[in-house]
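Worksheet: the structure to be examined is printed underneath.
The values are calculated or read from the model by the stated rules, or taken from the named source; none is laboratory data. Everything quoted here is computed from the prediction, not taken from an experiment. Note: ideal-geometry Cβ built from the backbone for every residue, glycine included; neighbour counts use all protein chains shown. We work out accessible area using only protein heavy atoms, side chains counted, and drop any ligands, DNA or RNA first. Shrake-Rupley method; radii C 1.70, N 1.55, O 1.52, S 1.80 Å.
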Amino acid sequence: MRYGIWAAATALVTLVVALLFGGGVDSELLPGIPSPGPFTEWALPLAGFLTNALGVLAVGATVTAAFLLPGDGVSVAAHGWLLLRRTTWLALAWAASSVAVLVLTVSDVLGTPVTGLSSPAIRSFAFSISQGQALVWQAALALLLAALTRADVSRGLAAVTAIVAAVALLPPAFTGHAASAGNHQIAVTSLALHVLAAALWVGGLAGLLVVRRTRRFADTAARYSRLAFACFVATAVSGAANAGVRLTSVSDLWASRYGVLVLVKVLALLAAGLLGALHRSRTLPALAAGQTRAFLRLAAGELAVLGAAVGLAVALSRSPTPVPSVPEDPDPLVDLLGFAMPAPPSGLRMLGDPLPDLFFLTLVVTGVGAYVVGVLRLRKAGHAWPLSRTVSWIGGMLLLAAVTSLGIAKYAYVLFSVHMVQHMVLSMLVPILLVGGAPVTLALRSLKRPSDPQARGVREWLLLALHSRFLRLLSNPIVALAVYVVSLYGLYFGGLLGTLMRYHLGHLAMLTHFVLAGYLLFWVLIGADPGRRRVHPALLTIVHFLAMAAHAFFGFVLLQSTTVIAPDWYSAVHPPWAVSLLDDQHLGAGLAWAFGELPAAVILLLLVRQWMRSDQREQARLDRAADRADASGEEDDLARYNAFLAAAARERD
Ligand code: HEM
């Protein structure tokens, strides 16, 4: 308790000082909008801080209960149960403070004191303005979290509560300062990653200090330390990316008050990083030897530094940025796209002029990094790993980065034809290469087992997922085919595309779905990884032909179409240099149709090879059985079958 009080006090003092310094409580904050009065000017950032702090603690408590603490068979251990119980109250308070932030934001935006607000004004902000909707979502998810923490104590459900808590942090990151920034793709994604990494780091440390009297605490602390290091890197990179879109130049770092606050945050990050390094070199080894004092002292210091960083962050989110949130000459197209209309496409422009997508770039860097570490570990243990698999995986990852972050990503926003190429690469080429990398097999072979059998590391959670009923259902070839085909037709002929293109989160979800639906189908068809059903290659070949037919028919129908798909979106972003919407759509249809041919042929070859190999295996099995039968003089299957046929023939005669 005392560690928490220190951290909260440091955070609050930092918040107040940073608000005064950064201009976060300036009555002229929103140009042309009257001041809502001192109550709102102070209550809004304070409620904002409380919402952040409760969210961070809820994430920390659930992650500690589900992933850091050893369990008790299928249930969380006693301290995990206690943490989940406390999270109920944290979550209820979190929901209430999100609602308070919502009401105070209405007061701030309208420039009306809280007492002067009308419920219709609050209602319309809550349900029709993205910032209001985000806070309603956060409150609803926090209430769901409160209910889940009361449900039961299985480790599986504890993991679900941790995911719900993490997701509940995100909605506000997709609105507010980030959404109004230029290049909002980077602003929004970097802030979401930033808030998530910061919450796991700060919340995990708070959760760890709460369970300091549990058995094998040194192991739990070591597990947290690995998580903290990853969060340190992610917080630094995402924070820098986020600051980058709000500063006009490096000199803003010392020439603007916003920039100075960012610099102080960098200092806080470096200080916390240094304390983390001291933990690894000094206090964790001492803890493993049974000495807890040094670790607890340093951890308390680290929590205070991180608390101060959260206070700084809330002040930052209230301070005017050097890049004005409302540009002098607003361009509605830049508002919609997040970038200026690109020049007519050329090969060079499709590769150059990037639109970096931090979400996919983070996935690619993590995916390639983890894979290489896995291969090196196997090699160090004297086990070989096929180079073809490594090349396939890294090739798939690089293609994923290229098609979501190079110039083509910009053209895919404004041209249906280029969007279709992006779709085909993401749903066919990238998954085929990733499946060829057999990542699950590598993970199961290279990940270490935790020394404590009651602890679950990444390997144990992976095995649980592989044997889950959900994956068993998904790996049914018919289900995998249905997911692939229904999402293809549903997206384009179900009127979804326009909405998903308009919102950054929707666009991210759509591109991610392309990769996942493709990965599922090609894993079921040609995957080497464990977990998929044993299905005869003949059935797999039929499923493949059905997927090809559905794909070709999709291209054919699109080619015949006389109505524009997602007309609102494409007419709003139609480039002055492009052909008509329908011509571009037909070009897209042709590309989709043609694009499917080559990958489909490759898959067919792989399926035929798989079929031949399974026949060879079957033949070898029968031969071995016959040899065994010969050796033991027993009848083997073949002999028994021939005897049956003979008996049947005799009966007929
Ligand atoms: C010490 C570790 C850090 C923690 C715990 C942390 C935490 C946070 C949190 C919780 C927010 C969201 C605030 C809100 O919207 O209410 C945030 C926002 C932000 N952080 Fe950090 N952060 C850290 C380090 C950094 C660093 C090193 C940088 C820059 C290099 C940075 C730059 C930013 C920026 C630009 C924002 C957005 C503020 C806005 O909305 O204008 N942070 N941070």
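Give the Kirkwood hydrodynamic radius (Å, one decimal) of the chain, defined as one over the mean of 1/r across all pairs of different Cα atoms.
27.8 Å
Give me the percent relative contact order of the chain, please, defined on Cα pairs under 8 angstrom at least 6 residues apart.
It comes to 13 percent, rounded to a whole number.
Given R₀ = 51 Å, what would the calculated FRET efficiency be for VAL250 paired with ASP529, taking r from the Cβ atoms and rounding to 0.05?
E between VAL250 and ASP529, to the nearest 0.05, is 0.65.
Along the Cα→Cβ direction, 7 angstrom out, place labels at VAL266 and LEU20. What is the inter-label distance in nm?
Distance between the two pseudo-spin positions: 2.6 nm.
Given the rule -39500 (n - 2.57) for each run of at least 4 DSSP H residues, summed and divided by the residues of the chain, what is its mean residue ellipticity at 222 nm, to the nearest 500 deg cm²/dmol?
Value at 222 nm, helices only, nearest 500: -24500 deg cm²/dmol.
Pull up the cross-link candidates among the lysines for LYS448, meaning alpha carbon to alpha carbon under 27 Å and not fewer than 8 places away within one chain.
Leaving aside lysines fewer than 8 places away in the same chain, those within reach of LYS448 are LYS380.
Under 1.5 on a/c is rounded, so check that first for region 513-562, then, if it is not, pick prolate when a/b is larger than b/c and oblate when it is not; a ≥ b ≥ c are the square roots of the alpha carbon gyration tensor eigenvalues.
Since a/c reaches 1.5 but b/c is at least a/b, the shape of region 513-562 is classed as oblate.
Which order do the peptides 616-626, 289-299, 164-174, 216-226 come out in when sorted by mean C-beta neighbours inside 10 angstrom, highest first?
164-174, 216-226, 289-299, 616-626
Quick one: which of 138-151, 591-604 comes out on top by average Cβ neighbours within 10 Å, and what's the full order, highest first?
138-151, 591-604
Would you kindly state how much longer the chain becomes between ILE478 and LEU582 on full extension, computed as 0.36 nm times their sequence separation minus their alpha carbon distance, in nm to one decimal?
34.1 nm
What percentage of the solvent-accessible surface of the chain, computed with a 1.4 Å probe over protein heavy atoms, is contributed by carbon and sulfur atoms?
Of all accessible area on the chain, carbon and sulfur atoms account for 69 percent.
Compare THR87, THR366 by solvent-accessible area with a 1.4 Å probe and give them largest first, with all protein chains kept in place.
Sorted descending by solvent-accessible area, the residues read THR366, THR87.
Any chance you could look up the accessible area of LYS448 with a 1.4 Å probe, heavy atoms only, rounded to 10 Å²?
150 Å²
Toward the positive end of the charge dipole of region 344-595, about the Cα centre and with charges on Cβ (Lys, Arg +1; Asp, Glu -1), which of PHE416, HIS513, SER346 goes farthest?
Checking the options against the dipole of region 344-595, the answer is HIS513.
Give me D for region 391-482 in µm² s⁻¹, whole number, from Stokes-Einstein with Rh from the Kirkwood sum over alpha-carbon pairs, 37 °C and 0.692 mPa s.
Translational D for this selection: 207 µm²/s.
From the residues THR14, PHE174, SER251, which one has its Cα farthest along the dipole of the chain in the positive direction, the dipole being from +1 and -1 charges on Cβ of Lys/Arg and Asp/Glu about the Cα centre?
The one lying farthest along the dipole's positive direction is THR14.
Calculate, in nm to one decimal, what PHE644 and ASP452 gain on full extension: separation in residues at 0.36 nm each, minus their alpha carbon distance.
63.6 nm
Would you mind working out the accessible area per residue for the chain, using a 1.4 Å probe, and quoting it in Å²?
47 Å²
Going by accessible area, probe 1.4 Å, with all protein chains left in place, what is the ranking of ASP329, ASP615, largest first?
Per-residue accessible area, sorted high to low, gives ASP329, ASP615.
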